[in-house]
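Undergrad: Before I ask anything, let me first share the structure, which is written out below as structure tokens.
Values quoted throughout were computed directly from the atomic coordinates according to the rules given, and no laboratory measurement underlies them. Here the structure is a predicted model, which means the values were calculated and not measured. Glycine also receives a Cβ, built like all others from the backbone with ideal geometry; neighbour counts cover every protein chain displayed.
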């Protein structure tokens, strides 16, 4: 089984969903004729990628948590999938063969319509692997529920049965897949829940509210093509716009949009967490750590 390193940084669910939808429109149905690899330290079994992809058709491009999942099949080929994590600086986009290759282009897939699907990643914090059959099934089972596909009851169950900080639970991909630092902070602020509150101690009303606002924020972020922080660009090379709507993430020292109190930052579950000390009351016994 492939041991995936689940990235802590960008992009998150809305950004990956944006890329997946763009690629689905652009390359679904195209056949991969060949693969050329550059640096391969981010690829699990580069030889398998080189061997298994040529001749397969890209049947569907979808998002799975923070991963892109390219479903592959075709005549004389068993079904499989290419899993791609974009890391902090990864981009996967179809380009004309005549388009000069950008620096840090590490994977080039030749398509049957004359274009190339290129993976570009300056820092190579992304991951890529070809998986099939039982190995693929077991790998995907390691991840938790997708907030866009699960309901409030499942969300409440997964949060309520663990005595961990709510911020840690939202970031734990085995609990809820796809959410990262940005949308966890934004959702907790809107739900008026401190990031250090224990998931098991949230009242049913709070859990219900948190799920509702998380869903609302994720859908709005998807509609605006995600948040462009660092180097995120979609499959067409365009930035997202949701960063203009951030209420708390990255706003340490600025006034809370709701009450005017200065936004603070603490470390919860090893991650920086921005919150409003007035709107999001700290749980009893919580030691403040900047």
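Undergrad: Using only the alpha-carbon atoms, how far is helix 13-27 inclined from the longest principal axis of the chain? Give it as 0 to 90 degrees, nearest 10.
TA: The angle comes out at about 20 degrees.
Undergrad: Shifting gears a bit: As a check on your grasp of the helix formula, calculate [θ] at 222 nm for the chain: sum -39500 (n - 2.57) over DSSP H runs of n ≥ 4, divide by the residue count, round to the nearest 500.
TA: -8000 deg cm²/dmol
Undergrad: Which residue fluctuates most in the GNM of the chain (Cα springs below 10 Å): 101, 280, 173?
TA: Highest fluctuation of the listed residues: 101.
Undergrad: Let me ask something else. What whole number of Å gives the distance from the Cα centroid of segment 46-66 to the Cα centroid of segment 132-209?
TA: Cα centroid of segment 132-209 versus Cα centroid of segment 46-66: 28 Å apart.
Undergrad: Between 250, 34, 270, find the one with the highest GNM mean-square fluctuation for the chain; connect C-alpha pairs within less than 10 Å.
TA: Of 250, 34, 270, the most mobile in the Gaussian network model is 270.
Undergrad: Now a separate question. Give me the extension gain from residue 205 to residue 47: residue separation times 0.36 nm, minus the current Cα-Cα distance, reported in nm with one decimal.
TA: 51.8 nm
Undergrad: Return the FRET efficiency for the residue pair residue 102, residue 157: r is the Cβ-Cβ distance, R0 is 30 Å, and the value is rounded to the nearest 0.05.
TA: That gives a FRET efficiency of 0.10.
Undergrad: Let me ask another. As a test, work out the antiparallel percent of DSSP beta bridges whose residues both lie in the chain, rounded to the nearest 5.
TA: Rounded to the nearest five, the antiparallel share is 95 percent.
Undergrad: Using alpha carbons only, how many degrees (0 to 90, rounded to 10) separate the axis of helix 204-223 from the longest principal axis of the chain?
TA: 40
Undergrad: Among (i) 18.5; (ii) 19.9; (iii) 22.1, which is the computed Kirkwood radius over Cα pairs in Å?
TA: Read-out taken from this structure: (ii).
Undergrad: Would you look at the GNM of the chain, springs on alpha carbons closer than 10 Å, and say which of 100, 152, 11 moves the most?
TA: Checking each option, the largest mean-square fluctuation is seen for 100.
Undergrad: Quickly work out the residue 39-to-residue 138 label distance, labels modelled 7 Å from Cα along the C-beta direction, and quote it in nm with one decimal.
TA: 3.1
Undergrad: If you don't mind, there's one more thing I want to ask. Decide, for segment 51-146, between rounded, prolate and oblate: order the square roots of the alpha carbon gyration tensor eigenvalues as a ≥ b ≥ c, take rounded if a/c falls under 1.5, and otherwise choose prolate if a/b is larger than b/c, else oblate.
TA: Oblate, since a/c reaches 1.5 and b/c is not below a/b.
Undergrad: Using 7 Å Cα-to-Cβ label points, what is the residue 174/residue 123 separation (nm, one decimal)?
TA: Between residue 174 and residue 123, the simple spin-label model gives 2.5 nm.
Undergrad: Another question, then. Using a Förster distance of 22 angstrom, determine the FRET efficiency expected from the C-beta separation of residue 223 and residue 146, and round it to 0.05.
TA: After rounding to 0.05, the efficiency reads 0.80.
Undergrad: A further question follows. With axes computed from alpha carbons, what is the tilt in degrees of helix 181-191 against the longest principal axis of the chain, rounded to the nearest 10 within 0 to 90?
TA: Its long axis makes an angle of about 40 degrees.
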